[in-house]
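Below you'll find the structure, written out as C-alpha cells, and then a few comments.
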Ligand code: SF4
Ligand code: SF4
C-alpha cells in the first residue's frame with residue numbers, strides 16, 4: 001500500500017518535547033492545566049488539546065541509577081484503522097482515510113459524543129479523544145493541511161535529531177531498514193520495528209514495547 005509513512009526512531013530521541021509543542025502550536029490547541037505526576041511525562045495522557053505527547057518510562061538500572069525509555073506518541077494512522085471500523089458501525093464515514101493514508105476524523109464526529117468512549121477503546125493505543133472545545137472527536141491529523149501544501153508535518157519539521165521522519169512509503173521503508181541495521185549493531189538483537197505490518201507510523205525501538213509504556217502514574 002503506497003502513501004505517506006512516518007519513522008519514529010526512538011534511538012535518536014532526546015525527549016526535548018519540541019514535537020509536542022510544535023503540534024500544539026500548528027493546531028492552535030490551548031495549554032493543558034496540568035501538574036507533575038511523578039515522571040517527566042506531562043500531561044498525563046493524550047487528550048482533546050494534546051494530539052502528540054512524549055511518553056517517559058524510567059526503571060532502576062544496574063549500570064546507571066535509572067534507565068529511561070521515551071518516545072513521541074500519537075495516532076499510528078493504521079492501515080486498517082480499528083477506530084474507523086467501530087465508528088462505521090455507528091455513523092458511516094465519520095472517520096475516513098485520504099488518498100495517502102491519513103486517518104481523518106471529519107466534522108461528522110461531532111455526532112459521536114456518546115460513542116466516543118467505545119471508539120477510543122477500539123484503538124489499540126487509546127489515542128482519540130472527545131474535544132470539549134471543538135465538540136468533536138480529535139487526534140493527530142497527519143498535518144494534512146501542511147502535507148497538501150508540500151510541507152512536512154509540524155512535529156517532523158521541529159524535531160532536531162532526526163528521530164521523526166516523514167515521506168513516501170519507499171523512502172521511509174529504505175530509511176527504516178538503514179536505521180534498524182544501525183540500531184541492531186549498537187543495541188543488539190532486540191532492536192525492531194513495532195507493528196510494522198499494521199501502521200503508517202513505524203516505531204524503531206530497542207527493547208520490548210511494554211518497557212516504553214509509562215508506569216502507572
Ligand atoms: Fe485509529 Fe488509533 Fe489507529 Fe489512530 S492509532 S488510526 S486513532 S485505531
Ligand atoms: Fe524526540 Fe524529536 Fe520529539 Fe524532541 S522533537 S521529543 S527529539 S521526537
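Nothing in this text is a laboratory measurement; each read-out follows from the coordinates by a stated rule. Computed from a prediction, not measured in an experiment: that's the story for all the values here. Here Cβ is always computed from backbone atoms with ideal geometry, including for glycine, and neighbour counts include all displayed protein chains.
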Can you sort 192, 77 by how many other beta carbons sit within 10 Å, fewest first? 192, 77
Placing one identical point scatterer on every Cα of region 1-126 and ignoring solvent, what is log10 I(q)/I(0) from the Debye formula at q = 0.11, 0.19, 0.20 Å⁻¹? -0.48, -1.21, -1.28
Quick note on 66, 142, ordering by fewest other C-beta atoms within 10 Å, gives 66, 142
Under a point spin-label approximation (7 Å from Cα along Cα-to-Cβ), what is the residue 196-residue 169 distance to one decimal in nm? 1.5 nm
Residues 206, 201 arranged by fewest to most Cβ contacts within 10 Å: 206, 201
Only helical DSSP H runs with n ≥ 4 go in: add -39500 (n - 2.57) per run for the chain, normalise by residue count and round the 222 nm mean residue ellipticity to 500 deg cm²/dmol. -7000 deg cm²/dmol
Just need log10 I(q)/I(0) for the chain at q = 0.17 Å⁻¹, Debye formula, equal scatterers on the alpha-carbon atoms, no solvent, rounded to two decimals. -1.30
